[in-house]
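The values are calculated or read from the model by the stated rules, or taken from the named source; none is laboratory data. Nothing here was measured: the structure is a model prediction, and the numbers come from that model. Here the Cβ positions follow ideal geometry from the backbone for every residue, glycine too, while neighbour counts run over all protein chains shown. For the accessible areas, the whole protein counts, side chains as well, though only heavy atoms, and no ligand, DNA or RNA atoms are used. Shrake-Rupley method; radii C 1.70, N 1.55, O 1.52, S 1.80 Å.
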Amino acid sequence: MTMLRNILTATTTASAFVAVTTALSLQPHPHHGRHHHHHHHHHQVRSPSSSPSSSTALHLGDLDDVNDMSDYGRQKQKSELDSLTSKRDQIRMAKLANIKPDDDTPKMEEMSDEEIQAMLLNKNKGSSDGGDEDNGGGNDDGLGMNLDVDQLFSRDYVPDFKTKRAGSSNRGLSGGDSGGVLDGDPNDEEDGEVDRNVFVDWTEDYDDENEFHVPNRIGFSTCDWGNARKGFVAGKLKKKERRAGKFNKADLRKAYEKLQQNGVSFVETSESSPLAEAFLNKFMEECDHGDNSDKGALVASTFPNPWKQALKSRSLPRRGAASIVSAAETACDRMGISSMGLYQIENPWYYVGGTSALAEGALDVICDDHSRYVGCVNMGLTRLAKLQRKMRAQGEFVASNQFEFSLTNRKNAGMIDACKKLGITPVCTNVLDGGLATGKYTSTNPTGGEVSKGENDTGPYAVRKLEKLDALFKVQAGLIEKVNRRIGDRLMKFESGQAPRINRDITTTQIAINYVRAKGAVPLVSVTNVKMANELLGCLGWDLSEEEVEELDKACKASGV
């Protein structure tokens, strides 16, 4: 904390340094000579050839026109000419280029945080602390409030997210412990054995999403890969260690390959986990991706909080747009790919250069083809809305925002609704709430069925806390029979030998994961072994009904969640 205080003091007192940095951010970017290409593939690329776009992507009108470059791309082509003009002329020309017809709605760039909050929150609700836009403003509170952001993008196209999810197509999974091979459609006349894994995207025909499409609306995280405190062992495992839940590189490889072959291709990592990126490099190159080999993994990496990174690396915090571009390029190099599917920017608290620098850096990442889409991590609503506005003004958009949400931690439920209205895909982490949301631990079984470690071992959670959640866990367990029966009734409609082998051994863990999916978010689950990979694959091919989600919602409220 002393080091962080020194960094903050140095940043605050050295106003001349900030002024110089801001001035430097106005100079032409070294990459401004490149053309801006709108790529329609959304997976990482290991060669110059690009994959075709998903037929399910929701087109964003003029933004999808690949024959015309965006305003941002055309401005980049003129970098050589712009370099000959003065900075004052550059600023004046940039402002003129973004002038929109006058109307009753003020420009986002001219609004204070208080004015934006007044637009976002109901009239009877409070607003967050104010702040200067380019310095990031204050922290955003009240994410659970009813939000109205329709006015915010009244002049822009925003996808209309449905509250009711579309039904899955009549395609199924078979093979493997939890399913994993396309077995056939009852409408198909041809019947034959399938002896290999086939990648099935059950959500490819869903239209309640933006252009950024995550197959099966589910993914896995590498946050625990290489982390000894989470159970990683560098060498071979002993039986005792494996029973204790430890894992090694071989376990990670098997889990990665199984997920990639069977419908879960979205994998999230970060430069904060360099060993995880190294493993991904190896796995993407050597593993068999089965029927998904043409596209491969949909990789997302993260530009971490610059202040946390400064403390970790014992260096000055990153600043300006160039730092974001450099970090993205370096991440691609570490993973051995030329382009990622998604590059995320973690909430920087205070960023030298402000929201404008974040937007410019994100646009440069896309322009330089380091990533097709850009997103955010734990970004507050005020800054997220400003960043989306700036991105759309240049022909791109913020594709996602990542934050915590689970069945037992619903504090960010309002952020899911806000993201939908802003045309942003909500990506949720810690969807099992450290194990609490699995329903494994109850007041009558506080150790989760594991062998007690001693006389005073009452499990990882206080019994009093578990007692408050007993009503929720009872409903969660009761849904297992309902879902299994519903799946069975659906499979009965198939002719003999044609029914897909969907997982019919539903668990409370899978109920918790699919609850997040039913809310319209993409759950990210930490996977370190094949057992957890099978648990994740068991979520495919079925959804919770609206009545079942409502039943869980009522139980959550009754339990104080």
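Listed cross-link partners LYS254/LYS295; LYS230/LYS308; LYS239/LYS468; LYS420/LYS557 are compared with a 25 Å cut-off, the Cα-Cα value being larger for LYS239/LYS468. Phi angles of segment 418-433 translate, via the Karplus equation with coefficients 6.51, -1.76, 1.60 and θ = phi - 60°, into HN-Hα couplings of 5, 4, 4, 5, 8, x, 10, 7, x, 10, 10, 10, 6, 6, 9, 6 Hz per residue; Gly and Pro are given as x.
Accessible surface for segment 346-421, divided over its residues, is 20 Å² per residue with a 1.4 Å probe.
What the Cβ-Cβ distance of ASP205 and LYS308 gives, at R0 = 41 Å and to the nearest 0.05, is a FRET efficiency of 0.55. The trypsin sites (Lys or Arg not before Pro) of segment 237-319 meeting both criteria, a DSSP state outside H, G, I, E and B (loop) and at most 13 other C-beta atoms within 10 angstrom of the site's C-beta, are LYS238, ARG314. Using every pair of separate Cα atoms, the Kirkwood estimate puts the hydrodynamic radius of segment 282-364 at 14.1 angstrom. Assuming a ≥ b ≥ c are the square roots of the Cα gyration tensor eigenvalues, decide whether segment 434-561 counts as rounded (a/c under 1.5), prolate (otherwise, with a/b larger than b/c) or oblate. In terms of gyration-tensor shape, prolate. The trypsin sites (Lys or Arg not before Pro) of segment 489-561 meeting both criteria, a DSSP state outside H, G, I, E and B (loop) and at most 10 other C-beta atoms within 10 angstrom of the site's C-beta, are LYS493. Within the full protein context, the accessible area of ILE416 is estimated at about 10 Å² for a probe radius of 1.4 Å. Here ASP205 sits with roughly 80 square angstrom of accessible surface, probe radius 1.4 Å. Solvent-accessible area of segment 193-351 (1.4 angstrom probe, protein heavy atoms only): carbon and sulfur portion equals 47 percent.
Dipole magnitude for segment 210-331: about 1040 debye, using +1 per Lys or Arg Cβ and -1 per Asp or Glu Cβ, origin at the Cα centre. Surface analysis of segment 279-334 yields an accessible area of 41 Å² per residue, using protein heavy atoms and a 1.4 Å probe. For segment 220-275, just say rounded, prolate or oblate: build the C-alpha gyration tensor, square-root its eigenvalues into a ≥ b ≥ c, call rounded for a/c under 1.5, and beyond that prolate if a/b exceeds b/c, oblate if not. Verdict is oblate for segment 220-275. Considering only alpha-carbon pairs that sit under 8 angstrom and 6 or more positions apart, the relative contact order computed for segment 463-561 is 42 percent. Our estimate of slack between ALA228 and SER338, defined as 0.36 nm per intervening residue step minus the Cα-Cα distance, is 36.6 nm. Judged by the ratio a/c of the largest to the smallest principal axis of the C-alpha gyration tensor, segment 205-322 counts as oblate, that ratio being 1.5 or greater while a/b is no larger than b/c. Grab the beta carbon distance between LYS493 and LYS554, set R0 = 30 Å, and tell me the FRET efficiency rounded to 0.05. FRET efficiency, LYS493 to LYS554: 0.45.
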